[in-house]
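Structure, as structure tokens:
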Amino acid sequence: MPELNTEQDTQPQATTESKAPAYDPNILPDMLPVYYRRLFPHEPFYRWLNYGHSEDNIFVNREISFTLQDDIYIRYLCFETQAELEKEICTRNPYKIDIGPVMNIRPKNFRTVAGGLTPVQRELVFDIDATDYDDIRNCCSGAEMCLKCWKFMMLAARVLDVALREDFGFEHMLWIFSGRRGIHCWVCDHTARHLDARARAAVAEYLNILSYTNNVARVQIGDRTHHSLRRALKIVEPMFEEIILEDQNLFGSPKGVSKLLQMVSDEGARSDLEAYLQKSHEDGAHSKLIWESFVRYANSMRTSAANVWSRKLKHIVEEVQLCLLYPRLDINVTKGFNHLLKAPFCIHPATGKVCIPFSASAVGKFDPTTVPTISQLLQEINAYDDKTKSYMDAPEDKSRIKDYKKTSMFKGVVVFEEFLRKLERNFKTKSMDF
Amino acid sequence: MDFNLKKRARHDVKVEVISLEAKYPHNVMLYHYPPTEDIHIDEFEDLALERLRLLRVFDRATTKGLRILSDDWKEYVNAEMTKDGLRGYLRMGMASSGTKHEADVQMRRRDYLSHFILRLAYCRSEDLQRWFVAREMEFFKYKFAALSTAEIKMFLDANNFQIHPLTEEQKDEVKDGLYESTVGQSVSKIELLEFYKVPFTQVLDLVRTRRCYIKAGFAYVNTHDMVSIVGARQLEEIELGMQAAKAFIADVEADERIARMIKSLHNSYTGKDYTVCRDESVPIESLDQLSKTSMPLCMRMCHEHIRSQHHIKHGGRMQYGLFLKGIGVTLEDSIRFWREEFTKKMDVDKFTRSYEYNIYHNYGKKGSMVNYTPYSCLKIIKEMAAPGDCHGCPYKTMDPTSLKAKLSAYGLSAGGIEEVMYFVSRNHYQFACGKYFMLTHNSTVEPTINHPNKYFEESQILMGNRQKRAPGPAPASNKLRTGIKGGANRSMLNGDDDDELWRIAETQEKVYQSQKGIAEAFDDDLDLTEIIE
């Protein structure tokens, strides 16, 4: 989608106008009402969950949950119309909105209906969290996220997006930056929404190649390289030097070298390699040197005679690359039919940032550090209002410009609209078929 | 006696004569139509037990961590089937020679019927059902893997599978992907193999393990992996069937004969017979050492009780005495062992009078001459221990605090005790025992413990003191029991059977003893009197 790329490049002018105010979590309750009333994209949000009303009850049986101030958690909400949803959001001003599955009945009736709730359909969702990369992040840890960290997310989104498209034939992926340290992906194709629990688990495991033994992540390629791994390698390999060797300088400490060693599953080979690396380098040698030695050693061992390096460790170089840069999925989120996931366009209470869609094809240009905070957005609309006030002495609603278009949230909403446009086009052609 | 499974009044007697071969045309059939023929209750039980033994073979293969359909797996399964006398089922997993034997067709019938019988027993709870379905699918794959390409075609036609192999052109379009991503086949083989294109949701097991090429939502499956497609249908078939079985289980259970059997089926012991030990004899001098290393908790506690108290009550004598016989303590040694301990508290005369007889009895040398079978876990778990008793399953009978103290005294770490107690708290005593085994043997594989003698044997094998037994003929003692009970298999069905045997034996004893006028034999602690009560 080239037209989208250009739009992402043109920064809305609003951001440059004044220095963004710092976000203060204490005044979030005061800001949320304005945000929900003026900025939250209620109409597209509803259009998404209604799926062109392609199936009965697809919107009204959807479980929505609100988290209110002080962690008051309300589950099993459901709404009859867009207006009702909008009204509820604007009166309750939730800290967080979660989206659950579409149920067999109205979720709010869960107590009164015999047999209870059964989920009928739900988007196939993926959750990738930067904290799962903590053992290989030297720049940040925990909830922090900088541009270097984002590169892990970027690769994860690229690898996953293309796998979902090419292998499973899915088209409608909605990618979301969660507002702090992770990304979500909602696969909204009809088949994806209707996968049963077993199929979800199979897809999750197909896409999750890391296995953990004693907390050490490993990847096993096997005899031949499955096409999905080969493709992932093509994406990951060009970034390996930049991310692992330069940005993170991962093997630049004895601890880092031992991480590399742990990924070699054969004990004998591991101690041989360790001796070799110790002999060739002093402690703290740059990652690049260590890596070059490692690759050279593995290659030379492989060519000599039939040994463990030419059999079990045949693909060790590729395995290490995948192990470090292949998406680290929280597969339980994907497996669960019932799992609730935070809705796009919520405000992350800790950072104040909008949980905003991004385009997987332009993920390289997305910068999580400049994602607007709620404080910034409110300032932006105020500034806009001030500027236009002089020649707008008419009643308040005369301006048909949507408020979010006046702010730096604009990009995200455009991505969302674009996603919706394709999704709905799908329903139109479908309905004409019949 | 005819036995009508469905309990539905059938007024018209069917006079259809369908040959067995028409009814069961293939080795591999989807279990779709429930059988309607009448079968004798004896056969009903027989079929059920046979299939249970079959499924347990697959269970053991899985517990051992063998990958399904791998060579190791097949080898193990085949060996176990031979050992368990399941040659008929074994033949179903062999490539057919082309000639049809009457026996093969009979076997298909057994296969078909027994599957449906076990559905009744296993639809009773989620857990049982999960176990059953997993094992049935393993057996299904085992059978299917033996089919030739022609047989697979026949099977697909017979069951209306609408799948067709790719044409050469179609295959050519995706050939790079096939070469790269078809696991388990060489490139040259892939060129020859036929491939089928199916929605990925039909072959989830292949998708999950990345064993096939997958593109745009379709998986490309070769003939060898066809079992995944067919298996998905079979799975659905069984799961639906189980729901149906659940619906009419109440009707079926109205017949007490069946109700009793299917309720106890899963827990019945069909394992190895330890009546006659075929290993080298174990000297009693080594018992102290062995009790620490190789005996399960139940036996170790009995042993220590005898050593400290120089006496053990009837239940304990039976449980421990038969166990000793099973591990290879000879009759002579056994008598010496009990005598040495007991005479620390009583004179030799009293021992000879009151206890010695019982030992001979256990070894099948006195009275009814029945060679008694060592107790299985199931029987031991069922034992009701009274105060002062030390037999029974300690995981069940001891209160958690003293059990923890015991485990700790036996050298388990706090963490280890927690692991064992986890299972105890959920009433999984055999798992607890297996965990104890792993911890005390530093073993990474958890053995399935269903018999204390198995525990002992596994332990000895692990320590290198014993060889794994080569598959051999069933122990001769089976014949002995067959003579008495009319079927060794069936006598394993419920754990009370040994008691029944006792009663028979005991009646004969009483006659014998009253005739002899050995009144003093019935003193305070005579075994036979205890059983009467």
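No lab work stands behind these numbers, since they all come straight from the coordinates. Just so it is clear, the model here is predicted, and its values are computed rather than measured. Every residue, glycine among them, receives a Cβ derived from its backbone with ideal geometry; neighbour counts consider all protein chains shown.
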If you find the alpha carbon centre of segment A:38-62 and of segment A:73-89, how far apart are they in angstrom? 11 Å
Between helix A:227-240 and chain A, what is the angle of the helix's C-alpha long axis to the longest principal axis, kept within 0 to 90° and rounded to the nearest 10? 90 degrees
If packing is taken as the mean number of other Cβ atoms within 10 Å per residue, what is the order of A:381-387, B:138-144, highest first? B:138-144, A:381-387
Listed residue pairs exceeding 20 Å between alpha carbons, taken from B:Lys74/B:Lys141; A:Lys96/A:Lys353; B:Lys83/B:Lys454; A:Lys312/B:Lys143; A:Lys314/A:Lys335; A:Lys151/A:Lys234: A:Lys312/B:Lys143; A:Lys314/A:Lys335
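Which whole-number percent is the relative contact order of segment A:23-85 (Cα, under 8 Å, 6+ apart)?
Numbers: 42 pairs, mean separation 14.6, N = 63.
So the answer I get is 23 percent.
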If one computes the Cα centroid of segment A:346-390 and of segment A:283-339, what distance in Å separates the two points? 38 Å
Other chains' Cβ within 10 Å of B:178-184 residues: what's the mean? 4
Using a 10 Å cut-off around each Cβ of peptide A:162-169, what is the average number of partner chain Cβ atoms that fall inside? 4
I need the peptides A:262-275, A:87-100, A:300-313 ranked by packing, meaning the mean over residues of other C-beta atoms within 10 angstrom, with the highest value on top. A:87-100, A:262-275, A:300-313
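Using only the Cα atoms of segment B:284-463, build the gyration tensor, take square roots of its eigenvalues as a ≥ b ≥ c, and label the shape rounded, prolate or oblate: rounded if a/c is under 1.5, else prolate if a/b is larger than b/c, else oblate.
Prolate, since a/c reaches 1.5 and a/b exceeds b/c.
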Taking a crude spin-label model, label points 7 Å out from Cα along the C-beta direction, the A:His286 to B:Glu256 distance in nm is 8.8 nm
Under the rule a/c < 1.5 gives rounded, and otherwise a/b versus b/c splits prolate from oblate, where does segment A:61-133 land using the Cα gyration tensor? oblate
Angle in degrees between helix A:287-304 and the longest Cα principal axis of chain A, rounded to the nearest 10: 50 degrees
Compute the distance in nm between two label points, each set 7 Å from the Cα along the Cα-to-Cβ direction, one at B:Asp59 and one at A:Glu242. 5.6 nm
Taking R0 as 22 Å, what FRET efficiency do you get between B:Ala158 and B:Val183 from their Cβ-Cβ distance, rounded to the nearest 0.05? 0.15
Can you give the Rg to Rh ratio for segment A:339-380, taking only C-alpha atoms and Rh from Kirkwood? 1.01
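Over the Cα atoms of chain A, what is the Rg over Rh ratio if Rh follows Kirkwood?
1.02
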For helix A:197-207, what angle does its Cα long axis make with the longest principal axis of chain A, in degrees from 0 to 90 and rounded to 10? 50 degrees
At what distance in angstrom do the alpha carbon centres of segment B:389-451 and segment A:96-123 lie from each other? 42 Å
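Rounded, prolate or oblate: which one fits segment B:328-380, using the alpha carbon gyration tensor with axes a ≥ b ≥ c (rounded when a/c is under 1.5, else prolate when a/b beats b/c, else oblate)?
Here segment B:328-380 falls in the prolate category.
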Size descriptor, Kirkwood hydrodynamic radius, that averages inverse alpha-carbon separations across segment A:211-325, Å: 14.5 Å
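Could you tell me the calculated FRET efficiency between A:Ala305 and A:Tyr276, based on Cβ-Cβ distance and R0 = 22 angstrom, to the nearest 0.05?
0.85
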Between A:Thr81 and A:Asn382, how high is the FRET efficiency from 1/(1 + (r/R0)^6) when r is the Cβ-Cβ distance and R₀ = 45 Å? Nearest 0.05. 0.90
Which value in nm describes the separation of the simple spin-label points at B:Glu191 and B:Arg336, placed 7 Å from the Cα toward the beta carbon? 7.3 nm
